Structure formats: C-alpha cells, structure tokens
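Comments concern the structure below.
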Amino acid sequence: MNDQTEIPEELIQIIRKAEHVTVLTGAGISAESGVPTFREAQTGLWARYDPQELATPQAFQRNPKLVWEWYTWRRELIGKAEPNPGHHALAEMAQLVPKFTLITQNIDGLHQRAGSQDVVTLHGNLMETKCFANQHLVDNWPESDAVPPHCPICDSLLRPNVVWFGENLPADALQTAVQAAESCDLFLSIGTSALVHPAASLPLMAVENGATTVELNPQSTPLTRWMDFVLTGAAGELLPLLVTSLKEAFNNDA
Ligand code: BJW
C-alpha cells in the first residue's frame with residue numbers, strides 16, 4: 001500500500017493509461033461545501049440525530065411529520081451549498097479518460113451541479129419527492145396544511161426520494177454500479193466511511209476484478225488495507241492536484 005498526502009507519479013501514469021475509471025463518492029466529498037457527513041464524531045448527522053428515528057421506513061410510519069421536517073431542513077441546507085473544487089475536479093477528470101463512471105451515495109446533487117454527467121445515484125435525490133405507498137414521483141401537490149403533504153395520485157403520504165436503511169437501492173443504479181466496479185481498470189473511493197452496504201462492497205468488487213484501487217479520505221476506513229494507493233487528505237484539495245498532474249502528463253505526451 002502506498003499511503004501519502006501527495007499524488008504519486010506512478011498513480012498519475014496509471015490514470016493516464018486507464019480505459020475505464022470508476023469513482024465512488026460519499027458524504028466526505030461534500031463536507032467542504034458545508035454539507036454535514038453522517039458518522040464523524042463531532043460534526044456528523046448521526047452524532048446529533050438517531051438514524052433509527054429518521055432514516056428508516058418504520059421511523060416515517062411512526063412519525064412522518066418529524067421525518068418530513070428533518071428532510072425539509074436538510075433540503076434547505078443543501079440548497080444553499082455550492083459544489084466545491086473536489087466536485088469540479090471529478091467533472092473535469094471525466095473529460096480526460098476514455099470511460100468514466102461516477103457513482104455517488106450522496107443525495108445532494110452537487111456532482112450534477114458541478115457538471116458531471118450520468119451520475120449513478122445509489123441513495124436517491126433529496127430534491128425529488130415520491131409517495132410512501134406507491135413510489136409515485138411527483139413534482140407538485142395540492143396546497144394544504146398537512147405535514148407531510150399527500151400524493152396527488154393516490155393520496156398516500158409524500159416522502160423524499162432517498163434510500164433509507166432496510167430499503168432496496170434502485171435496481172438499475174445498483175446494476176450499473178456493480179458492472180462499473182467489475183469492469184473498470186481503476187477504482188477510486190472518495191470520502192466514504194465504507195460502512196454502508198451494498199455501496200461499501202463496490203470497491204472490494206474492483207479489488208477482486210484486479211483493478212488498481214485508490215482511497216482518498218482524511219481517515220482510514222475498513223477499505224484502507226485493501227487499497228493500492230491511499231491518499232490521506234481532503235477531496236477538495238487532493239482532487240484538483242490530481243487533475244492538474246494528470247493534465248500535465250497528457251500535455252507532456254502531446
Ligand atoms: C472526507 C472529508 C473530505 C470527511 N474529503 N473525505 C451487509 C452487511 C451489513 C449490513 C448490511 C449489509 N447489506 C445491507 C445491510 C443493511 C444496511 C447497512 O449497510 N447497514 C450497515 C450500516 C450496518 N444497508 C441497507 O439497509 C441498504 N439497503 C439494502 O441493503 O437493502 C437490501 C437489504 C436490506 C436489509 C438487510 C439486508 C439487505 C440501504 C442503505 C441506505 C443508506 N441510507 C443513508 C441515508 C440516505 C438518506 C439521507 O441522507 O438521509 O445513506 S445512511 C447514510 O450513510 C447515507 C450515506 O449515503 C451512507 C454512507 O455514508 P458515507 O457517505 O460513507 O458518509 P460517512 O459520514 O459515513 O463518512 C464520511 C467520510 O468522509 C468519512 O470517512 C470521513 O473521514 C470522510 N471525509 N471530510 C474527503 N473533506
């Protein structure tokens with residue numbers, strides 16, 4: 001394992017030659033945009049809120065108003081956030097390699113706002129709303145005082161279009177992610193604690209497939225010991241450095 005805070009030249013050369021780069025991101029990539037992560041001891045959401053009371057279907061059934069209002073607060077927070085240099089660097093990296101798959105666990109839409117295309121969203125999108133009973137995706141609903149509001153199609157309660165614990169991930173997104181993990185020659189895991197499955201299994205699928213694997217995180221995770229390269233630091237600092245070095249390598253070829 002190659003553990004460092006600078007970008008190794010060997011890694012730049014591997015990316016330069018890669019045919020298919022797959023990237024998995026987690027909450028850490030949005031931390032520098034001011035979006036709280038989940039599991040960090042002082043600042044993570046789960047340090048202040050109990051996921052069993054907010055991020056499960058059972059929690060919603062017990063107290064739909066509490067859950068709806070918590071997500072309304074987070075939607076407002078995310079609405080004020082801007083993509084950071086880490087998001088922008090990944091959008092730029094996609095233009096430099098033949099095939100690039102960006103998979104995210106994040107529901108904040110910041111990759112898309114940074115210009116990344118075809119983002120594979122494993123845990124949904126906080127800006128979308130669906131109904132609890134029938135998964136109808138809706139943009140509008142009749143004005144009322146009800147919290148949460150009701151589905152205009154089937155009258156069941158509305159909820160955010162995100163994946164809670166115990167719920168299946170969207171099948172098409174998961175299938176695309178698994179295929180990308182199994183077929184890439186380079187896999188980067190960025191800003192995730194790698195504790196939540198099935199997303200956390202994707203880097204290990206890439207290991208099994210023989211891809212070069214990279215972790216970028218200020219902290220170690222259960223994945224760290226399996227990685228070929230470990231970049232220790234913040235995504236918003238290291239990813240722009242990586243992309244600058246990559247562009248220099250391409251310029252030297254020309
Ligand atoms: C930085 C940084 C900087 C900070 N730069 N980095 C197999 C084994 C065990 C359990 C299971 C299993 N398979 C399924 C399960 C059950 C469960 C699970 O995984 N539980 C474990 C926690 C034990 N999984 C599920 O239920 C999933 N569904 C499923 O599998 O369905 C089938 C099934 C059901 C039941 C049983 C078996 C099968 C669904 C998971 C849904 C996760 N949902 C959430 C909430 C989404 C909505 C919302 O936002 O409210 O998704 S939970 C939360 O965790 C969110 C995240 O996407 C997800 C991952 O978190 P992430 O991104 O890794 O964030 P953090 O905070 O953990 O880490 C941040 C990292 O960033 C840290 O490492 C920092 O160091 C780093 N960092 N600053 C770079 N500047």
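What to note about this one:
- Peptide packing for 228-235, 155-162 was compared via the average number of neighbouring C-beta atoms within 10 Å per residue; ordered from the highest value, the list is 228-235, 155-162.
- Ordered by the number of other Cβ atoms lying within 10 Å of each residue's own Cβ, fewest first, THR176, THR221 fall into the sequence THR176, THR221.
- Per residue, the chain reaches -10500 deg cm²/dmol at 222 nm when only DSSP H runs of four or more residues are counted, each adding -39500 (n - 2.57).
- Cα centroid of the range 235-254 to Cα centroid of the range 183-224, whole Å: 21
- Label separation (GLN95 vs VAL178): 3.5 nm, computed from points 7 Å beyond Cα along the C-beta direction.
- Against the rule of thumb 2.2 N^0.38 Å, how large the Cα Rg of the chain comes out: 1.06
- Each residue in LEU77, LEU110 was given a count of other beta-carbon atoms within 10 angstrom of its own, and listing them fewest first yields LEU77, LEU110.
- Protection proxy ranking, peptides 83-92, 164-173, average beta carbon neighbours within 10 Å, highest first: 83-92, 164-173
- For the chain, the number of Lys pairs with C-alpha atoms closer than 29 Å, counting only pairs eight or more positions apart or on separate chains, is 6.
- Taking other C-beta atoms within 10 Å as the exposure proxy, LEU66, LEU126 rank LEU66, LEU126 from fewest upward.
- Summed residue charge, Cβ within 14 Å of LEU239's Cβ, Lys/Arg positive, Asp/Glu negative: -4
- Seen from a random direction on average, the alpha-carbon convex hull of the range 15-66 projects onto 6.0 square nanometres.
Rule-based calculations on the coordinates, nothing more; no lab input. Everything numeric in this text was worked out from a predicted model, so none of it was measured. Cβ atoms come from the backbone with ideal geometry, glycine included; neighbour counts cover every protein chain shown.
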